[in-house]
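S.K.: What follows is a structure written as structure tokens; I'll ask about it next.
The values are calculated or read from the model by the stated rules, or taken from the named source; none is laboratory data. Computed from a predicted structure; not experimentally measured. For neighbour counting, all protein chains shown are included, and Cβ atoms are generated from backbone atoms with ideal geometry for every residue, glycine included. Surface accessibility is based on the protein's heavy atoms, side chains included, excluding ligands, DNA and RNA. Shrake-Rupley method; radii C 1.70, N 1.55, O 1.52, S 1.80 Å.
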Amino acid sequence: MSAALEHLYDYDDFRKFLQDYFEEQKKMRAVFSHRFFAAKAGFSSSSYCLNVIRGRFNLTPKSIEKLAKAMEFEPLQKSYFEALVQYNQAQQVNERENAWGQIVQIRKQIEFTHLGVKEQLYFSKWYYPIIRELAVSTDWNGDYMVLARSLEPQITTEEAREAIKNLVEWGLIREITEDVPAGSKPAPVRYEETSQMLDATAIPPMALRQIRREYVQHAIGAVENKSKDERFAAFTTLAMSESSYNYAVDVLEEARKKIIARAANDSNVERVYELMMVAFPMSKKFSKEAEK
């Protein structure tokens, strides 16, 4: 990946990003030029991108699509670039603010720590992610019994102790050391996260099967036993087209991103929650004969 693409999320100006990208490509490949790129992207004018960089032209949705394809953007890179263009070209204050909100959300997503195969054990126990959040958000002061009893359902003291030990070894949390004057009481035991969010995209699906099943079982228990003000559950059966289903998935994913961004900035943590968004088929796909 080029240096400009690698640092795309650091840019606040898409024109500056394009300028750096083009200058970098010219140094890397003698054949590269504005004419070469225009032909690759499918622009009729060889100077189109140059005029965009100089601020003479704005980008349209179609030209963004062409640029994204020619520059081989990944999905998240494309979303960021689109938001950046909207932010820079917006005429209305609310449009600019909405675009900046998208930029902030995407930047928070790329701050995730990507776990490798070695850390698959993190997802082998349903309570490891919960312990990680509790360890840094509650005043348990090194008392593993208190920590164990903070979970619903509770785990054993030894399980809590082992969880903290493993999380530290995996580099997912670290103990905060404080200097105290001689003769003073020891500083309270406190931990902090090494990264705010975690992403399981590098973990094989088979390794996540058990923890997902356990979370679903906990969800069933919460629906049956928790009061409505403590849990949210909605069940809706819908008949719709594949395009409507894809729309639903996009809406749910956008909602998930917004919730993650809100939680990441929440300075008044009171509880650890598990958020699930699920949509799945409950019938076979209708045949054309059935539709008639």
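S.K.: What are the pairs, 6+ residues apart or on separate chains, where a residue within the stretch 208-223 that is more than 14 Å from Phe123 (Cα to Cα) has its Cβ under 6 Å from a residue that is open to solvent by less than 40 Å² (accessible area, probe 1.4 Å) and not basic (Lys, Arg)?
M.R.: Val223/Ala233
S.K.: Report the residue count in the stretch 43-78 for those that are surrounded by fewer than 14 Cβ atoms within 10 Å (Cβ to Cβ) and under 17 Å from Ser33 (Cβ atoms).
M.R.: Residues in the stretch 43-78 being surrounded by fewer than 14 Cβ atoms within 10 Å (Cβ to Cβ) and under 17 Å from Ser33 (Cβ atoms): 4 in total.
S.K.: Looking at the stretch 119-159, which of its residues are closer than 15 Å to Ile211 by Cα, among the hydroxyl-bearing types (Ser, Thr, Tyr) and either open to solvent by 70 Å² or more (accessible area, probe 1.4 Å) or in a helix (DSSP H, G or I) (or both)?
M.R.: Residues satisfying the conditions are Tyr122, Tyr127, Tyr128.
S.K.: When you look at Glu214, is it more than 30 Å from Phe235 (Cα to Cα), of a type in the set (Asp, Glu) and part of a helix (DSSP H, G or I), yes or no? Walk me through it before giving the result.
M.R.: On the way: more than 30 Å from Phe235 (Cα to Cα): no; of a type in the set (Asp, Glu): yes; part of a helix (DSSP H, G or I): yes.
Spelling it out, it is not the case that Glu214 is more than 30 Å from Phe235 (Cα to Cα), of a type in the set (Asp, Glu) and part of a helix (DSSP H, G or I).
S.K.: Moving on. Of everything in the stretch 221-233, what is more than 13 Å from Glu152 (Cα to Cα), open to solvent by 60 Å² or more (accessible area, probe 1.4 Å) and assigned to a helix (DSSP H, G or I)? Give them in sequence order.
M.R.: Matches in the stretch 221-233: Glu224 only.
S.K.: Let me ask something else. May I ask you to verify whether Gly183 is modelled with pLDDT of 90 or more and small (Gly, Ala, Ser)?
M.R.: no
S.K.: Which ones in the stretch 189-203 are open to solvent by 50 Å² or more (accessible area, probe 1.4 Å) and more than 18 Å from the chain's Cα centre (by Cα)?
M.R.: Arg190, Glu192
S.K.: Take the residues in the stretch 160-171 that are farther than 30 Å from Asn225 by Cβ and surrounded by 15 or more Cβ atoms within 10 Å (Cβ to Cβ); name whichever of them is modelled with the lowest pLDDT.
M.R.: Taking the candidates together, the pick is Trp170.
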